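Some notes on the structure that comes next.
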Amino acid sequence: MSTLIDLILLTLMAITAIAALQLKDLFGAVMLTGIYSLLSALWFLILDAADVSFTEAAVGAGISTVLMLGTLALTQRNEKSPSHPRILPLFVVTITGAILVYGTLDMPAFADPQAPIHTHVAPHYIEKSGEEIGIPNIVTSVLASYRGYDTLGETTVIFTACIGVLLLLGIGRRREDDES
Amino acid sequence: MKHHSILRIITKLLIPLILLFALYVQFHGDFGPGGGFQAGVIFAAGLILYALVFGLDTASEVIKEWVLMILVPLGVLIYAGVGVASLILGGNFLDYNVLAHDPVHGQHLGILLVELGVGVTVAAGLTTIFFAFAGRGRRNPEGALITKAANPTQEPQR
Amino acid sequence: MNWIDHYNYWIVIFLMMLGFYAIIASDNLVKKIIGLNIFQTSVFVLFISMGKVPGGVAPILRDDPTVLYSNPLPHVLILTAIVVGVATTALALALVVRIHEAYGSIEEDEIHEQDQLAG
């Protein structure tokens, strides 16, 4: 049953993505990306990734949609040039996709318990994090403790991005400076 | 947004719940799904909803920009500070075992503080980014927000 | 070989190539960012689908020792990636806003034309 939901949600995601990219009206395209994010959040929940689903629902369907709409309000709402299919990009994309599909033939089947990803570090986290860290949510223990360096880096990236946006757009910066 | 009574009232009802839920996700993240990243984005979403419905002028009175400017680096400093504290107490960087009298308690404390740092940075950072986008083109030369009364030719707020 | 075994991967590749095409073929800068977002999400889908264990539950420890948990590692990686993703998207959008202020357009060909005219 959950495999069926998985297939349907993935197909819906693909359809929404196509619709979002071929739409001329950027407002509609942004709304469709919001729907796309919500669908992917649902899909994450089906595949047991509750934490990820949470974040994607708040970020994808909420904040990033609002930021894109803000950008459209400051720029323009419609895509100008007619989006005729381009031969060279289409060729590149098809070749790359075909090679990648060929590559997947050697990948472990979906939800294979013997896949390499399940045999290396993850069993240690699942078996030992209860004693070593003592909190039930394994995702939190890995995020904050086992891979604390990683998360420190991610937090710094957000800090840096925030500084970057402030430098580009500015809170309380002079508008005259922009003319140069 | 002056006339959308339903939106305004529903938003007033929803915002405390969203913020409370964000705090729940923050501090219950050890036991259920949740943690600093999730709580931060939910908190920021609540503040952004407030700014969208009641306008940027009202929102920037509630959430002062200088407070956000302090909170964004503060979160990173809390995180790195926990690492330095564990160095001083004789462990490795970000090794929480030494923070308390026994390793498991130390881990609890460390994770709580670290998640708090992440939550503060994410919430303040995303709110700042939204304010930067929303305030663009609506400022006078001194950098203060242009209110509608002061500048009637300005576009109505969205 | 059952087609369901690899359906997830194929959707991932499809989404990835869709985003890739939008990035290289689209003239509109906002469209490019939407394409980048779709590309990004396809990677999330790839990671999360690899972490699934049949009959598994969300990786939150329970008292019952017979419970099978899904792999928590991809969840951690993707969780942070999503938030970093929105931060980088915001930076890209800020650049688009500044480009629009400087050139009055967010279409790549028009920006190129103006650059050519300016020498």
Does anything in region A:50-81 have its amide N under 11 Å from the 7 Å Cα→Cβ label point of C:Ile99, and if so which residues?
none
Please tell me the relative contact order of chain C in percent, rounded to the nearest whole number, where contacts are Cα pairs under 8 Å and at least six residues apart.
23 percent
Please compute, over every Cα-Cα pair in region B:1-144, the percentage with a separation greater than 20 angstrom.
56 percent
Just the C-alpha atoms of the protein assembly as shown: what Rg/Rh do they give, with Rh taken as the Kirkwood radius?
0.99
Would you look at the GNM of chain A, springs on alpha carbons closer than 10 Å, and say which of A:Thr55, A:Thr156, A:Thr16 moves the most?
A:Thr156
Angle in degrees between helix A:64-74 and the longest Cα principal axis of chain A, rounded to the nearest 10:
10 degrees
When chain C is treated as a GNM, springs tying every alpha-carbon pair under 10 Å, which of C:Thr66, C:Thr89, C:Thr80 comes out with the largest mean-square fluctuation?
C:Thr66
Tilt of helix C:108-118 relative to the longest C-alpha principal axis of chain C, in degrees (0 to 90, nearest 10)?
30 degrees
Ignoring solvent entirely, what values of log10 I(q)/I(0) come out of the Debye formula for chain C at 0.11, 0.17, 0.22 Å⁻¹ when each Cα is a single scatterer?
-0.55, -0.93, -1.20
Amide H neighbours of C:Asn28 at under 5 Å, excluding residues fewer than 5 places away on the same chain, with H built from the backbone geometry, are C:Glu108
Number of Lys-Lys pairs in the protein assembly as shown under 29 Å by Cα, sequence gap 8 or more or different chains?
12
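Since every read-out is calculated from the coordinates, none of them should be taken as a lab result. Model, not experiment: these values are computed from the prediction. When we count neighbours, we look across all protein chains shown, and the Cβ atoms used for this are built from the backbone with ideal geometry, even at glycine.
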